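Below is one structure, written out as C-alpha cells, with a few remarks after it.
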Amino acid sequence: MYLPKHFAETDLATLHGLMRAHPLATLVTLDADGLDANHIPLHLVADEGQFGTLHGHIARANPLAKAAPNSAVLVIFHGPESYISPSGYATKAEHGKVVPTWNYAAVHAHGSLRLIDDADWIFAQSSALTATHEAKRPTPWAVGDAPADYIEKMLGAIVGIEISIARLIGKWKVSQNQPAVNQASLSAALEQAGDPMAELVRARQQKME
C-alpha cells in the first residue's frame, strides 16, 4: 500500500478500534490459481500475539477451506470513506488552487492462515462473534436460541479460520496534507452534511496541533 508518512497510523489501539468497528474484512490469498478475495466478518482477539489474532469461519464449500497450512494472507479492513469536494476548503475562495480527493481510513493485517475443523472451537467463535454484534440490541439473539440439532447441522457446514497477525499497517488519509484552515473548514462542511468523516478530520487535526 502506498503510504506517505503523514498518512501513516501506528497506534495499536486506534488500529484495533477500526478493525472492531468495521469487522467485515477482505481476506486476500494467493495460490496456484492466482489471487482470490473473500469478504468475511472477523472477530479480533486483541490479547493473542503481539498484534492480535483474527477468528472467523467460512463455508466448507469455499475453496479457501482447502488452503495450504499457514498460508500467507492479507486482510483489509475498510473504515470510513468519503469524497472530498474542493468546495469544503477555505482557500478555494482565496486562490482556487484546490482539487477533489477521497478521504479514507484502512488497516492492512498481514499474517498466516490456519484452518480449524473443530466443532467446539467453531461454536465458541460463532458465539463470540454473535454476542459482540447482538450486544446493543434490545433482545440479543444467541446461538443457543436455535434448536441444538439445527445448530449442529449449521456448524457442520462451516470451517473455522484463525489468522495470526504478524504486521499491521494503518492509513488515515484524512486531509493532513491540507493547511489547518482547510482542515477546519472541511470538518465543518462535512459535519453540516452529516458525514462521519468530519470526526476523523477533526481528530487528526487536533492530534497534529
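Every number here is computed from the coordinates shown, using simple stated rules; none is lab data. Model, not experiment: these values are computed from the prediction. Positions of Cβ are generated from backbone atoms using ideal geometry, with glycine treated the same way; all protein chains shown enter the neighbour counts.
So if each residue of separation counts as 0.36 nm, and I subtract the Cα-Cα distance between residue 28 and residue 60, what length gain in nm does that give?
On the way: separation 32, 0.36 × 32 = 11.52 nm, distance 1.76 nm.
Here the answer is 9.8 nm.
Considering only DSSP states other than H, G, I, E and B, which trypsin sites (Lys or Arg not before Pro) in the stretch 132-190 qualify as loop sites with at most 14 other Cβ atoms within 10 Å? Mind showing how you got there, number by number?
On the way: sites: 136, 153, 167, 171, 173; in loops: 136.
Taking the stretch 132-190 and a limit of 14 other Cβ atoms within 10 Å, the loop trypsin sites (Lys or Arg not before Pro) found are 136.
Taking the Cβ-Cβ separation of residue 133 and residue 181 as r and a Förster radius of 35 Å, what is the calculated FRET efficiency to the nearest 0.05?
Details: r = 40 Å, r/R0 = 1.15.
Given R0 = 35 Å and the Cβ-Cβ separation, E is 0.30.
How much length is gained if the chain between residue 116 and residue 47 is pulled fully straight, taking 0.36 nm per residue apart and subtracting their Cα-Cα distance, in nm to one decimal? Walk me through the numbers on the way to the answer.
Values: separation 69, 0.36 × 69 = 24.84 nm, distance 1.95 nm.
Length gained between residue 116 and residue 47: 22.9 nm.
Using DSSP to define loop residues, name the trypsin sites (Lys or Arg not before Pro) in the stretch 1-103 whose beta-carbon has at most 14 other beta-carbon atoms within 10 Å.
Sites meeting the loop and neighbour criteria: 60, 97.
Starting from the Cα of residue 66, draw a straight line to each of the lysines and keep only those under 29 Å, dropping any in the same chain fewer than 8 residues away.
Counting by Cα, and skipping residues close in sequence, residue 66 has these lysines nearby: 153.
Most exposed first by the Cβ proxy, i.e. fewest other Cβ within 10 Å, how do 99, 45, 174 rank? Display every interim value, and only then the final one.
Numbers: 99 8, 45 15, 174 28.
Listed from fewest to most nearby Cβ atoms, that is 99, 45, 174.
Net charge near residue 44, counting Lys/Arg +1 and Asp/Glu -1 over other residues with Cβ under 13 Å of its Cβ? Don't jump to the answer; show the numbers that get you there.
Details: positive: 20; negative: 47, 48, 162.
With Lys, Arg at +1 and Asp, Glu at -1, the net is -2.
Using the basic label-point model (7 angstrom from Cα toward the beta carbon), what is the residue 157 to residue 83 distance in nanometres?
Placing both labels 7 Å beyond Cα along the Cβ direction yields 3.9 nm.
Can you give the net charge of the other residues whose Cβ lies under 15 Å from the Cβ of residue 55, counting K and R as +1 and D and E as -1? It would help to have the intermediate numbers written out before the result.
Values: positive: 20, 114; negative: 47, 48, 117, 118, 120, 162.
Surrounding charge for residue 55 is -4.
Treating only the Cβ of Lys, Arg, Asp and Glu as charged (+1, +1, -1, -1), what charge dipole size does the chain show about its Cα centre? Round to the nearest 20 debye.
Working: 16 positive and 21 negative charges, 161 e Å.
With Lys and Arg at +1 and Asp and Glu at -1, about 780 debye.
Multiplying the sequence separation of residue 3 and residue 39 by 0.36 nm and subtracting their Cα-Cα distance, what value in nm do you get?
Values: separation 36, 0.36 × 36 = 12.96 nm, distance 2.35 nm.
Contour length minus Cα-Cα distance gives 10.6 nm.
Which of the helices in the chain, when you take each full DSSP H run, stretch at least 20 Å along the axis at their Cα atoms and have an average Kyte-Doolittle score of -1.0 or higher?
Values: long enough: 119-134 (22 Å, 0.04).
Passing helices, by number: 119-134.
What's the FRET efficiency of residue 68 with residue 99 using the Cβ-Cβ distance as r and R₀ = 45 Å, to the nearest 0.05? It would help to have the intermediate numbers written out before the result.
Details: r = 45 Å, r/R0 = 1.00.
Using R0 = 45 Å, I get an efficiency of 0.50.
Considering only C-alpha atoms, what is the centroid distance from the stretch 8-61 to the stretch 144-175, in Å?
Comparing the Cα centres of the stretch 8-61 and the stretch 144-175, I get a distance of 9 Å.
Of the cross-linked pairs 136/171; 92/207; 136/173, which ones have a Cα-Cα span greater than 27 Å in the structure shown? If you can, show how the numbers build up before the last one.
On the way: 136/171 29 Å; 92/207 25 Å; 136/173 30 Å.
136/171; 136/173, as the Cα separations exceed 27 Å there.
Pick from 81, 199, 94: which residue has the top mean-square fluctuation in a GNM of the chain where Cα pairs under 10 Å get a spring?
Its mean-square fluctuation being the largest, the pick is 94.
Order of 208, 19 from fewest to most other C-beta atoms within 10 Å?
Working: 208 10, 19 24.
The fewest-first ordering by Cβ neighbours comes to 208, 19.
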